[in-house]
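Structure first, commentary second.
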Amino acid sequence: MKKLAMVLSTILLIAMLAACGNSNEKASSNGGNESASGDAKVIKAGIGLNEDHPQYKGLLKFKEIVEEKTDGAIKVETYHSGQLGDDRSMTEALQLGTQEVTIPSTAPLANFVPDFSVYDIPFLFPNEEVADTVLDSDVGQDLLKKLESQNLVGLSYWENGFRDLTNSEHPVATMDDFDGLKIRTMENDLHLDAFSALGANPTPMAFTELFTALQQGTVDGQENPYATIYLQKFYEVQDYVSNTHHIYSPFVFLMSKSFYDGLSEDQQKIVKDAAVEAGKYERKLNREANEKYLQSLQDEGMEYTEITPEAREEMVKAVAPVIDEYKSQIGEETVDKVYKAIEDAQK
Ligand code: TK8
């Protein structure tokens, strides 16, 4: 009997020692991915667009690369369709450290770092290739570094794309057709003032509220790339689409700085490289989608209007004073650098 008690207490002692060993391992694995069995670090990654959009496909690619390269020491949970909030509220959540990743458009991001409005200057980029060259150059990368002052880390640029106007009132072929149209814009003053200069009646609104606002007629129209207009089913609540191509919108792959600083150097390199690689993948998918979906919008019954070069030139002239006004707000140095980079990219 005594012997049996002895054996049982020895087994108990060994089990307790093992449990104690585990918790030490947990504590030590913070910052490194050396502990295969330790608790994984979790990245909660949220976006505003739905699961069919190339942005979400890119995010799944990011997840795949990070989980593979860290042997599961970092896990990525993905949330689409504004489940975690809109571009602004999710960016604030990254600053607070309650969320780890989001991929906003540069327009709302300018509320955190005004320099980012440089990318939202109307008619800035002539095409996607020039945009890639400038965004991936030192000029683009230097702008990302400015985010750190806001407790954010910009890891790479993804693509939203050239924005085109839709509405439910009438075809828009010239500037006169903007007259009085209630247009939803992203939350960015430059966008608001540019649409006012075109004669429209703009309203800033989070993307998560847009479909309902179109459905209820709170606004007459909105502007986004064809892929977003199609995949978010805006054709159900909009009748007219014009290729205004008035702004090229980049996305910025953002990470919470407090989370990023808590990673080991290896892990920081893995998430950075993954954000760049998944970004290239997303850009490719997005271009194919934007190419494809203009026809799909017409197949769904939307009326398409081609903007003539003369009509576009009239719009360019109308917004020029607004751009001049914003140069100082954005930062002359930043604006000059980006214009120079665009020029160089076309040589
Ligand atoms: C989605 C937004 C969207 C943007 C907008 O979160 O707000 O219209 O174009 O893509 O970032």
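For SER168, what charge total do you get from the other residues with a beta carbon under 9 Å from its beta carbon, if Lys and Arg give +1 and Asp and Glu give -1?
-3
Any aspartates and glutamates with Cα under 16 Å of the LYS233 Cα? List them, leaving off those in the same chain fewer than 8 positions away.
Answer for LYS233, where 16 Å is the Cα cut-off: GLU51, ASP52, ASP164, GLU209, ASP220, GLU223, ASP299, GLU300, GLU303, listed by chain and number.
Taking just the C-alpha trace of region 69-132, give me its Rg and Dmax in Å.
15.1, 44
Quick check: pseudo-label points 7 Å beyond the Cα along Cα→Cβ at LEU4 and ASN50, how many nm apart are they?
Using points 7 Å along Cα→Cβ, the separation is 6.6 nm.
Quote to one decimal, in nm, the extra length available between GLU332 and LYS57 on full extension: 0.36 nm per residue of separation minus the C-alpha distance between them.
Length difference between fully extended and current span is 95.4 nm.
Stokes-Einstein D for region 103-209 at 25 °C, 0.890 mPa s, Kirkwood Rh over Cα pairs, in µm²/s?
161 µm²/s
Give the percent of DSSP beta bridges with both residues in the chain that are antiparallel, rounded to the nearest 5.
Around 55 percent antiparallel, to the nearest 5.
If you wrap a convex hull around the Cα atoms of region 34-116, how much volume per residue is inside, in Å³? Walk me through the intermediate numbers first.
Details: hull volume 8.8 nm³, N = 83.
Per-residue hull volume (Cα only) is 106 Å³.
Full-extension gain between LEU96 and ASP176, please, as 0.36 nm times their residue separation minus the C-alpha to C-alpha distance.
24.3 nm
Would you order SER256, SER137 from fewest to most other beta-carbon atoms within 10 Å of each residue's own beta-carbon?
SER137, SER256
What is the set of long-range amide H partners of ASN201 at a cut-off below 5 Å, with H atoms built 1.01 Å from backbone N?
Those qualifying (amide H under 5 Å, at least 5 residues apart or on another chain) are GLY180, LEU181, LYS182, ILE183.
Given 25 °C and 0.890 mPa s, how large is the Stokes-Einstein diffusion coefficient of region 140-191 in µm²/s, with Rh as the Kirkwood radius over Cα pairs?
The Stokes-Einstein estimate is 168 µm²/s.
At q = 0.16, 0.17, 0.21, 0.23 Å⁻¹, what is the log10 ratio I(q)/I(0) for region 215-293, with the Debye formula run over Cα points and no solvent?
-0.77, -0.81, -0.99, -1.09
What ranking of ILE47, ILE183 emerges when the number of other C-beta atoms within 10 Å of each C-beta is taken as an exposure proxy, fewest first?
Details: ILE47 27, ILE183 23.
Final ranking by Cβ density, sparse to dense: ILE183, ILE47.
Considering the Cα trace of region 266-320, what is its radius of gyration and what is Dmax, both in angstroms?
Rg and Dmax of region 266-320, Cα atoms, are 18.8, 53 Å.
Can you tell me what percent of all Cα-Cα pairs in region 213-259 are more than 13 Å apart?
65 percent
So the label point goes 7 Å from the Cα of ASN201 along Cα→C-beta, right? Which residues of region 168-182 then have their backbone N under 18 Å from it?
168-172, 176-182
Would you kindly calculate the translational diffusion coefficient of the chain, applying Stokes-Einstein with the Kirkwood radius from alpha carbon pairs, for 37 °C and a viscosity of 0.692 mPa s, and quote it in µm² s⁻¹ without decimals?
Answer from the Stokes-Einstein relation: 151 µm²/s.
Which of SER117, SER81, SER296 moves most in a GNM of the chain, Cα contacts under 10 Å?
Among SER117, SER81, SER296, the largest GNM mean-square fluctuation belongs to SER296.
If I model a spin label as a point 7 Å beyond the Cα along the Cα-Cβ vector, how far apart are those points for GLU169 and TYR304 in nm?
In this crude label model, GLU169 to TYR304 measures out at 2.4 nm.
Assuming R0 = 35 Å, can you tell me the calculated FRET efficiency for the pair SER264 and ILE11, based on Cβ-Cβ distance, to the nearest 0.05?
0.40
State, to one decimal in nm, how far the label point of ASN243 lies from the label point of ASP142, with both points 7 Å from Cα in the Cβ direction.
3.5 nm
What pairs from LYS63/LYS145; LYS63/LYS337; LYS145/LYS269; LYS257/LYS340; LYS44/LYS327; LYS69/LYS146 go past 26 Å between their alpha carbons?
With Cα atoms farther than 26 Å apart: LYS63/LYS337; LYS257/LYS340; LYS44/LYS327; LYS69/LYS146.
May I ask you to compute the full-extension gain from ASP273 to PHE211, defined as 0.36 nm times their residue separation minus their alpha-carbon distance, rounded to one decimal in nm?
Result for the pair: 18.9 nm of gain on full extension.
Compute the separation of the alpha-carbon centres of region 47-103 and region 281-346 and state it in Å as a whole number.
Each part reduced to its Cα centre gives a spacing of 26 Å.
So for THR218, THR305, THR212, THR166, fewest C-beta neighbours within 10 Å to most, what's the order?
The order, fewest Cβ neighbours first, is THR212, THR218, THR305, THR166.
Every number in this text was worked out from the coordinates using simple rules, so none of it is lab data. The shown structure was predicted, so the numbers you read here are calculated from the model rather than taken from an experiment. All Cβ positions, even for glycine, are placed from backbone atoms using ideal geometry, and neighbour counts span all protein chains on display.
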